[in-house]
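Worksheet for the structure shown next.
Please treat every number below as a calculation from the coordinates, not as lab data. Source: prediction; values computed, not measured. With ideal geometry, Cβ positions are generated from the backbone for all residues, glycine too; neighbour counts draw on all protein chains shown.
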Amino acid sequence: YLELNSEALQAEVVIEEPALREYFERNASNYRVEEQRRARHILLSVAEGSSKEAEEAVLRRAQELLRRLRAGEEFAKLATEASEDVGSAANGGDLGVFGRGTMVSEFDEVAFSLPVGEISEPVRSEFGYHLIQVDEIREAHGRDFDEARSEIEQAYRRERADAMYYERAEPFTNLTYENRDTLAVAAEAIGLGVSTTGPMSHEELAAQFSRRVADAAFSPEVMLEGQNSDPIELGDVRSMVLRVVAHHPAAVKPIADIRDEVRSRLVAERAAAMARERGEKLIERLRQGEPIAGLMSESGLTWEPVAGVSRYAVKPAREIVEAAFAAQLAAGAIDTYLGVGLANGDFAIVRVSNIQDPSETELNAESTANTRMAITRLKAEQDWQRFLQGLKSRSKVKTYHDRL
C-alpha cells in the first residue's frame, strides 16, 4: 500500500529564515498574550435556594469583613480565616494568574476593572459574595519572533506539509487509478515508499487501519481482480491506496497448528460437563432432604450463604443472581435448589430460601420515579406501534422482507 500522510511530509519541509519570518508576520495575532491578572478573594457562600433573609445575613458578613480590611487588616490573613473557598483559603485567597473569561462573569468584570491593591465591594456570583483584591496586572503584549520561534517553526512545518499533501493528492489519485495493476508508478512519481503487510484477516485490517480499508481489501475488484483500491481517507490529511498481492481463502488450520488449543478446549468442555453432572447429583440429594453441611464436607466444597441479594447485585456472579430471581418457590416449600452453569465452566449449586418484596414505604422516590418513567416509555411505544399499525391498515404497503 501507499500512504500519503501530512505528518510524514513534515520531514521534507525545508526551513528557511525568511519564510519563517513571513509566516510570523501573517500570524502575529496567534503569538499575542492577552492581559492577565493575579488576584485573591474571600468567598462567603450562599446556599442555593436560600431565603432573602439568609442572603442578606451573608452580605452583612461580607460588608463587615470589608470594613476590617479597609481598617488595615491583612487580606491574606483574613482570607485564610474567613473564606469559604477551600481551594484558595489556605493560600490566603490567592487565585493565581488568570486571563479574561476564566472566572464567572460577575467576578471577571470586577477583577479586570480594579487597580492593583484596591479591594472591591462585595460581588455577588452564583457561588456567593466575593471580596476581591488585585495583586498584579500583566499587560497584554505580543511575543517577538525569537520568543516564539520553536512554535512558529512547528506551525510552519504543519502548514507546508498540509499544502504538500494537497499538491500530491491529485497525482496520487490519478496515477494509482491509471495504473491499476501496480503502485510502483505512483510511488516513484510522488516519492513514496510501498509498504507491505503480512496475511491479515478482515478484522485485523480493520483494527490496524480502518473498516473502510478492510472492506476495500476484500472487495472483488481488489481481492480477486488484482486492481488498486480507490484512495481511502484515514484522516483529514492522511489517505492510502492498497492492492492485494496474495489471497488465502478461509481454510481449516492443520491439526498440528491447533493441537494445544484443541486439547485445552476439550479439557475445559469435559471438566465443565463433569462439574455439571456432579452438581446435579448433589442437587438431587439436597432436594431429598440431605443436610447441606454433610454434603459439602463429603464433597470438599464450600457453602457460601449470601443474604439480601438485590436484583441488580454484581456479587455473587450475575448468572447466579439472574437464575435466583427467575426461580419460583413451590407452594409450601421452604427452599428451592437449582444449578447454574457459569461462563468460566464452573457449576454453582444455588438455594433460594426466601423472597422479600420491598414494602411501599421502602420504595424510595428515585426508584418510584424510574419505574413510572419506564412504564410511561412502554405505553408511549405501544401507542406508537398501534398508530403505525393503523396507518398500515389504511394504506397500500407491501413489505419486501428479502430486502430488509
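Annotations
- Descending Cα extents along the principal axes, the stretch 205-312, whole Å: 73, 41, 18
- Backbone N within the stretch 1-30 under 19 Å of label point (7 Å from Ser219 Cα along the Cβ vector): 1-4
- Taking label points 7 Å from Cα along the Cα-to-Cβ direction, Glu7 and Glu55 give a separation of 5.2 nm.
- Seen through its C-alpha gyration tensor, with square-root eigenvalues sorted a ≥ b ≥ c, the chain comes out oblate because a/c lies at 1.5 or above while a/b is not bigger than b/c.
- With K and R counted +1 and D and E -1, the other residues having a Cβ less than 11 Å from that of Gly117 yield a net charge of -3.
- Relative to the Cα centre, the charge distribution of the stretch 1-129, modelled as +1 at Lys and Arg Cβ and -1 at Asp and Glu Cβ, gives a dipole magnitude of about 680 debye.
- Fully extending the segment from Glu147 to Arg285 would add 41.3 nm, taking 0.36 nm per residue of separation and subtracting the current Cα-Cα distance.
- Potential lengthening between Glu81 and Ala326 on full extension [0.36 nm per residue; Cα-Cα distance subtracted]: 82.2 nm
- Phi angles of the stretch 17-31 translate, via the Karplus equation with coefficients 6.51, -1.76, 1.60 and θ = phi - 60°, into HN-Hα couplings of 4, x, 5, 5, 5, 5, 4, 4, 5, 5, 10, 4, 5, 6, 10 Hz per residue; Gly and Pro are given as x.
- Sequentially through the stretch 75-91, phi angles give Karplus couplings (6.51, -1.76, 1.60; θ = phi - 60°) of 4, 4, 5, 6, 5, 4, 6, 10, 5, 9, 8, 5, x, 10, 4, 5, 9 Hz, Gly and Pro residues having no value and appearing as x.
- Residues in the stretch 129-164 reached by a label modelled at Thr102 [backbone nitrogen below 16 Å; 7 Å Cα→Cβ]: 132-141
- Remark: the chain carries a charge dipole of roughly 2060 debye about the Cα centre, counting +1 on each Lys and Arg Cβ and -1 on each Asp and Glu Cβ.
- Dividing the summed -39500 (n - 2.57) terms of all DSSP H runs of n ≥ 4 by the residue count of the chain sets its mean residue ellipticity at 222 nm at -14500 deg cm²/dmol.
- Computed from the Cβ-Cβ distance with R0 of 60 Å, the FRET efficiency linking Tyr177 to Glu136 stands at 0.45.
- Reachable aspartates and glutamates from Lys77, criterion Cα separation under 17 angstrom, eight or more residues apart if same chain: Glu64, Asp85, Asp94, Glu118, Asp135
- The stretch 230-242 - phi-based ³J(HN,Hα) in whole Hz, Karplus 6.51/-1.76/1.60, Gly and Pro as x: 5, x, 10, 6, 9, x, 4, 10, 8, 8, 9, 10, 10
- Residues whose amide H lies under 5 Å from that of Leu95, counting only those 5 or more places away or on a different chain, are Ala39, Arg40, His41; hydrogens are built 1.01 Å from N in the peptide plane.
- Computed lengthening from Gln208 to Thr376, 0.36 nm per intervening residue step minus Cα-Cα distance: 56.0 nm
- Placing +1 on the Cβ of every Lys and Arg and -1 on the Cβ of every Asp and Glu, with no other charges, gives the stretch 82-156 a dipole of roughly 80 debye about its Cα centre.
- Put simply, the amide H of Ser125, placed in the peptide plane, has neighbours under 5 Å in His130, leaving out anything fewer than 5 places away on its chain.
- Each Cα pair under 8 Å and six or more residues apart adds its separation to the average, and for the chain the resulting relative contact order is 15 percent.
- Protection-proxy order for peptides 270-282, 205-217, each taking the mean of Cβ atoms within 10 Å per residue, highest first: 205-217, 270-282
- Förster radius 51 Å - calculated FRET efficiency between Ala251 and Asp162, Cβ distance, rounded to 0.05: 0.70
- The mean sequence distance of close C-alpha pairs (under 8 Å, at least 6 residues apart), as a share of the length of the stretch 60-167, puts its relative contact order at 18 percent.
- Estimated from the Cβ-Cβ distance and a Förster radius of 25 angstrom, the FRET efficiency linking Glu319 and Ile355 is about 0.85.
- Taking amide H positions as modeled 1.01 Å from N, with prolines and chain starts lacking one, no residue 5 or more places away or on another chain lies under 5 Å from Phe218.
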